[in-house]
Amino acid sequence: MSLTQRIQKVLMNIKYTLSFPAPHTHYAEIEMHISNMETNELDLKMAVWTPGSYLIREFQKNIDLVEWSTDNGQWLRADKTDKNTWKIIVQNHQEIIVRYKTYCFEYSVRTNFVDESHALINGAPTFLYVDGNESSAVEVEIIPLKTGKISLLRYRKRSTTNGFVWHKTWMNLLTHPLKLAIMLLIFLRLPTFLMNWPCTDTAIAT
């Protein structure tokens with residue numbers, strides 16, 4: 001690991017925001033807020049494997065465009081340097097925002113699915129990572145539909161008015177799929193004991 005990568009690993013803060021503003025299109029939208037950077041460039045990568053099945057995967061095919069911005073509000077296109085890597089020249093900025101959408105319409109234990117009723121999200125096909133920072137701590141904030149909020153049954157560190165914040169590492173995200181109930185009508189009639197069921201990685205809309 002280079003000196004630059006070691007500095008990144010110690011200082012860089014990464015927060016993902018995952019939302020579903022138009023679930024009927026089967027897209028999940030992701031923002032990465034990256035701060036405390038001490039580097040001129042970043043390589044963002046998408047995993048090509050998933051736990052339990054180490055065949056080469058093509059998760060990056062579901063991402064159309066990766067953009068980034070500083071506090072000036074101008075969005076720039078990240079350069080795709082190979083099939084699963086996007087390079088960003090940050091020009092000494094210490095904080096940037098990266099955004100992208102991923103298409104989610106394959107229902108399996110390794111892929112993503114989103115529609116108006118729910119979302120099944122796996123880490124590998126969803127979260128880009130900064131090369132060299134795979135084991136660094138990250139935050140994930142999940143934003144539900146405007147009609148309600150989501151409660152995480154375990155691993156919750158603090159609630160927010162929009163959803164919840166999950167503190168993990170990127171490697172943990174690969175091994176903890178999230179099943180998000182984002183249609184309130186289905187769950188309003190659930191008994192109270194089901195809302196408190198001790199599932200490790202399920203979120204229920206309330």
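Selection of first residues in region 87-100 that are farther than 13 Å from Lys15 by Cβ and touching a residue at least 60 places away in the same chain (Cβ under 8 Å) and of second residues that are crowded, with 18+ Cβ neighbours inside 10 Å and among the charged types (D, E, K, R), restricted to Cβ pairs under 8 Å at least 6 apart or on distinct chains, gives an empty result. Checking each residue in region 80-100 for being surrounded by 11 or more Cβ atoms within 10 Å (Cβ to Cβ) and in contact with a Ser or Thr (Cβ under 9 Å, 6 or more places away or on another chain) picks out Lys87, Val90, His93, Gln94, Glu95, Ile96, Ile97, Val98, Arg99.
Does Arg110 fit the bill of being at pLDDT below 90 and surrounded by 15 or more Cβ atoms within 10 Å (Cβ to Cβ)?
yes
Just so you know, in region 168-183 the residues that are in a strand (DSSP E or B) and modelled with pLDDT under 70 include one that is nearest to Pro125 (Cα to Cα), and it is Lys179.
Report yes if some residue within region 60-70 is farther than 19 Å from Leu174 by Cβ, surrounded by 13 or more Cβ atoms within 10 Å (Cβ to Cβ) and in contact (Cβ under 8 Å) with a residue 60 or more places away in the chain; otherwise report no.
Step one: of region 60-70, the residues farther than 19 Å from Leu174 by Cβ are 64-70.
Next, only the ones that are surrounded by 13 or more Cβ atoms within 10 Å (Cβ to Cβ) stay: 66-70.
Of the ones still in play, those that are also in contact (Cβ under 8 Å) with a residue 60 or more places away in the chain are 66.
There is at least one residue in region 60-70 that is farther than 19 Å from Leu174 by Cβ, surrounded by 13 or more Cβ atoms within 10 Å (Cβ to Cβ) and in contact (Cβ under 8 Å) with a residue 60 or more places away in the chain.
Here Lys45 meets the list (1) of a type in the set (D, E, K, R); (2) at pLDDT 95 or above; (3) out of contact with any strand residue (DSSP E or B) (no Cβ under 9 Å at 6 or more places or on another chain) almost entirely, failing just condition (3).
Considering only residues of region 35-55 that are of a type in the set (A, V, I, L, M) and under 16 Å from Asn122 (Cβ atoms), which is surrounded by the fewest Cβ atoms within 10 Å (Cβ to Cβ)? This residue is Leu55.
The values are calculated or read from the model by the stated rules, or taken from the named source; none is laboratory data. These numbers come from a predicted model, not from an experiment. Methodologically, a virtual Cβ is constructed for each residue, glycine included, from the backbone with ideal geometry; neighbour enumeration extends over all protein chains shown.
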